[in-house]
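Enquirer: Below are the structure tokens for one structure; questions will follow.
Read the figures in this text as sums done on the coordinates, not as results from a lab. Bear in mind the structure is a predicted one, so any value in this text is a computation, not a measurement. Don't worry about glycine lacking a Cβ; one is built from the backbone with ideal geometry, like all the others, and counts go over all protein chains shown.
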Amino acid sequence: TGAPGLRLDAFETVLTPVGEESMAWNIGDEGFEMVLGTYVPHIIDEHITGALAPLLAHDPQIDSAATDIEHWAIHPGGRSILDKVQKRLGLDDRQLAPARDVLRDYGNMSSSTVLFVLKDIMDRHLSQADPAGEKLCSMAFGPGLTVESALMTLLPEREIEVE
């Protein structure tokens, strides 16, 4: 069988200048306890373009507004976070559908949720066309408020050897 693949072109980690107390992990008696303040969507709204700038600078063919990126795997930390990212980056509903679908079906599973969004994009949204060469941006949010981002290129369908 054939399946599209991904090539990692660039990866960046940016710590926003605010948000240290708005998102954190504490160790409690029962394990990790997440602190997720209501201010997180506002922090993302104010700082997402600046947090993406170092990543997008790796590819001179992508404009600073990220309009040349077709696919977006965004960590669905909540509906309001996705709404802020969509509005600030000018993404359409189709580009946010994988993140919204994962949020609806699984909820927020912390930063690893973005892997479910990537799988959704690869399984459903890319199987309907030949996506070779299209760009994909992936973002996850973590404590501090940290923005982990990756820029990838979709590779053509190829044979996968199974042993």
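Enquirer: Can you tell me the length gained on complete extension of the stretch Arg94 to Leu155, counting 0.36 nm per residue apart and subtracting the Cα distance? Don't skip to the end; give the middle numbers.
Expert: Numbers: separation 61, 0.36 × 61 = 21.96 nm, distance 2.06 nm.
Result for the pair: 19.9 nm of gain on full extension.
Enquirer: Moving on to the next point. What does the charge count around Leu91 come to, taking other residues whose C-beta lies under 12 Å from its C-beta (Lys +1, Arg +1, Asp -1, Glu -1)? Present the calculation step by step, with values, prior to reporting the outcome.
Expert: On the way: positive: Lys84, Lys87, Arg88, Arg94, Arg100; negative: Glu70, Asp83, Asp92, Asp93.
Every neighbour counted, the sum reads +1.
Enquirer: Give me the extension gain from Asp83 to Ala132: residue separation times 0.36 nm, minus the current Cα-Cα distance, reported in nm with one decimal. Can you show the working numbers first?
Expert: On the way: separation 49, 0.36 × 49 = 17.64 nm, distance 2.82 nm.
Computed gain between Asp83 and Ala132 is 14.8 nm.
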